Amino acid sequence: MKTILSISRRSILLAYLLILVSCSRHAFDPVMEQARLLHRDAEWADLASAGKDVDKIVSFWSDDAILIFPGQPVLEGKPAIRAYVEASLKTPGFKIHWVSEKPVFSPDGKLAYMRGTDELTVPGPNGITTTLHLRGISVWRWDADGQWRCVVDISNEEPSAPPAAN
C-alpha cells in the first residue's frame, strides 16, 4: 500500500510540474526578438527581390493579412495576396525591395510594428519603367507555429523633395 501511495504522490507531483512548465511562457527578450524579426523581414525582402517563389514570398503573411498599397484595392487574405504577388512577378520590369527598421513590440511580445522604405519598379504610363520610393508600416504577429508573420502591410509614396531655395 505504501508503494502505491508513493507512486500516486509522485504521479501527482509530476503532473503538477508538467502543468506548471506548460503554462509558463519564456521571458520575452526584446533585443533577441528585434534581431529575429529584422532578419526574417530581410529574408522576405530578398525572396521578393529574387521574384522566383510565389509560395515562399506569400508564406511571410498571415492567413488573415491585409495589404494597403498605393493605387491598389485593399487586399484581404492569402488567396487575394497570392494572386497579387503572382501577377506582380509576371509584370515586365517589376522589381521590389525594402528595408525595415526599429521594431516596436507589444508588452507581451506577440505583436510588433516597424517602419520601412521600399523601392518598387513598375512599367509607367509610357511603357518605360519607373521606380517609386515608398514608405510603409508593417504589423507582425507571433503565430502559434513560432514564426513572425506580417498581418498588416501599408505603404504610400514618399513626398517629392521640396524645390531648392535660391
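Read the figures in this text as sums done on the coordinates, not as results from a lab. Owing to the predicted nature of the structure, the values given are computational and were not obtained by experimental measurement. Neighbour counts are summed over all protein chains in view; Cβ atoms, including those assigned to glycine, are modelled from backbone coordinates with ideal geometry.
Structure above, values below:
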item	result
Charge context of SER155, other residues only, Cβ under 13 angstrom, K/R +1, D/E -1	-3
SER138, SER106 arranged by Cβ crowding within 10 Å, fewest neighbours leading	SER106, SER138
For the range 29-156, diffusion coefficient by Stokes-Einstein and Kirkwood Rh (Cα), 37 °C, 0.692 mPa s, µm²/s	218 µm²/s
The range 29-156, relative contact order in percent, only Cα pairs under 8 angstrom and at least six apart counted	24 percent
Student exercise, the range 29-156 dipole from Lys, Arg, Asp, Glu Cβ charges, in Debye to nearest 20	280 debye
Inter-part distance where the range 100-142 and the range 75-92 are each reduced to a Cα centre, Å	16 Å
Exposure proxy order (Cβ contacts within 10 Å, fewest to most) of VAL85, VAL74, VAL54	VAL74, VAL54, VAL85
Length released on extending from ALA80 to LYS52, taking residue separation times 0.36 nm less the Cα-Cα span	8.2 nm
Counted charge near LEU67, where neighbours are those whose Cβ lies closer than 12 Å (Asp, Glu -1; Lys, Arg +1)	-1
